[in-house]
Amino acid sequence: MTSAILLTGGTGTLGRLVAPRLLASGAALRILSRQPQPAGAAAGGVAGEGVEYVTGDLTTGEGAAAAVAGADVIVHCAGTSKGDDVKTRHLVDAAAAAGKAHFVYISVVGADRTPVVSGLDRAMFGYVAAKRASEEIVAGSGLPWTTLRATQFHELTLTTARAMARMPVLPAPSGFRIQPIAAVEVADRLAELALAEPAGLVAEMGGPRTYDMKDLLRGYLKATGRRRPVMPMRLPGKAAAAFRAGANLTPDHAVGQQTWEEFLAAGRRPPGAPQTRP
Ligand SMILES: NC(=O)c1ccc[n+]([C@@H]2O[C@H](COP(=O)([O-])OP(=O)(O)OC[C@H]3O[C@@H](n4cnc5c(N)ncnc54)[C@H](OP(=O)(O)O)[C@@H]3O)[C@@H](O)[C@H]2O)c1
């Protein structure tokens, strides 16, 4: 049976990769964005045939009801550093009012293991708390659901490293490690889950290797020919302590194939190949 799928965040890093995978299944795809998209706009590099764009804002809930109408599956990839719980609440409420769509959610490894209790924790780790709250909203929605937790994408790691490399001194949270994964591998799995039966909380996904933050930053500086000091900085609070203990890592699910080094090297390939310049 051909599905009607709503994809939120279809213009973002992950969603752009999920979109063509859903389209390849023959699904009719609707993409929600805050920005009006031109008719026939490409979805993740795939020509826009079979794609309908709708405009809405999940922070206010505007457009959510129209977006979910008629969808059999909702893949929720919209997210920002703040307020993901509010966005998820608006989408889930609209979906529950409309029917029984399979709700597929992308969360983050460590959402369940990072205590965000104080104001300080919230200031630094509010993102993780909002992902956990979103997971609970989805699980308690009454809708059939699937949630996948992934570690940080290489793309975000690169964005962060680039931004930090502009500073005269790079602060590195001491004791923090990350296990970055290629967003495309998460997209493969998320699309597979969206096209299958609801599965609840599925096995999490992490990248193939774990890196100490300061080593990763030093490696990035070296790879880009820059010389800057990296200064370890101990972050206070319970959430930071949980990260130092590895709450954001999933060594038993290091299923990602592409390493951070391979991801960076892919950016130096000749024109025509996918570019991820360091
Ligand atoms: N990046 C990571 O390392 C990582 C790791 C694990 C899980 N995740 C999760 O994966 C999801 C996607 O992450 P990403 O890195 O692909 O994000 P991204 O590149 O920053 O893209 C964010 C997307 O969210 C949409 N969006 C933001 N605010 C919205 C709003 N108020 N209403 C509707 N749409 C909104 C944006 O669409 P428009 O701008 O077109 O409106 C955009 O398509 C997020 O839920 C994130 O928490 C990310």
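Under the shape rule built on the C-alpha gyration tensor, where the axes satisfy a ≥ b ≥ c, region 59-212 is prolate, since a/c reaches at least 1.5 and a/b is greater than b/c. Per residue, region 55-138 exposes an accessible area of 40 Å² to a 1.4 Å probe, with every protein chain left in place. Rolling a 1.4 Å probe across the protein heavy atoms gives region 167-229 an accessible surface of 46 Å² per residue. Computed from point charges on the beta carbon alone (+1 for Lys and Arg, -1 for Asp and Glu), the dipole magnitude for the chain about its Cα centre is near 1480 Debye. Answer rounded, prolate or oblate for region 83-173, using the Cα gyration tensor with square roots of eigenvalues a ≥ b ≥ c: rounded when a/c is under 1.5, else prolate when a/b is larger than b/c, else oblate. Prolate, because a/c is 1.5 or more and a/b exceeds b/c.
Any of K131/K214; K214/K238; K131/K238 with alpha carbons more than 29 Å apart? Name them for me. Long pairs (Cα-Cα over 29 Å): none in the table.
Of the residues R226, R244, R162, the one that moves most in a GNM of the chain with alpha-carbon contacts below 10 Å is R226. For the residues A266, A182, A71, a GNM of the chain with alpha-carbon springs under 10 Å puts the largest fluctuation on A266. Normalised by 2.2 N^0.38 Å, with N the number of residues, the alpha-carbon radius of gyration of the chain equals 1.02. Altogether, the Stokes-Einstein calculation at 10 °C and 1.306 mPa s, with the Kirkwood radius of region 119-278 over Cα pairs as Rh, returns a diffusion coefficient of 92 µm²/s. Which one, Q152, Q258, Q35, has the greatest fluctuation when you compute a Gaussian network model over the chain with C-alpha springs under 10 angstrom? Answer for the Gaussian network model of the chain: Q35. Calculate how many DSSP beta bridges within the chain are antiparallel, expressed in % of all such bridges and rounded to the nearest 5. Close to 10 percent.
How much accessible surface area, in Å² rounded to 10, belongs to the heavy atoms of Y127 with a 1.4 Å probe? For Y127, solvent-accessible area is about 90 Å².
Surface composition of the chain: carbon plus sulfur atoms contribute 55% of the solvent-accessible area (1.4 Å probe, protein chains only, all chains present).
The values are calculated or read from the model by the stated rules, or taken from the named source; none is laboratory data. Everything numeric here is computed off the predicted structure, so don't read it as measured data. Reconstructed Cβ throughout: ideal geometry from the backbone, glycine too, with neighbour counts over all protein chains shown. For the accessible areas, the whole protein counts, side chains as well, though only heavy atoms, and no ligand, DNA or RNA atoms are used. Shrake-Rupley method; radii C 1.70, N 1.55, O 1.52, S 1.80 Å.
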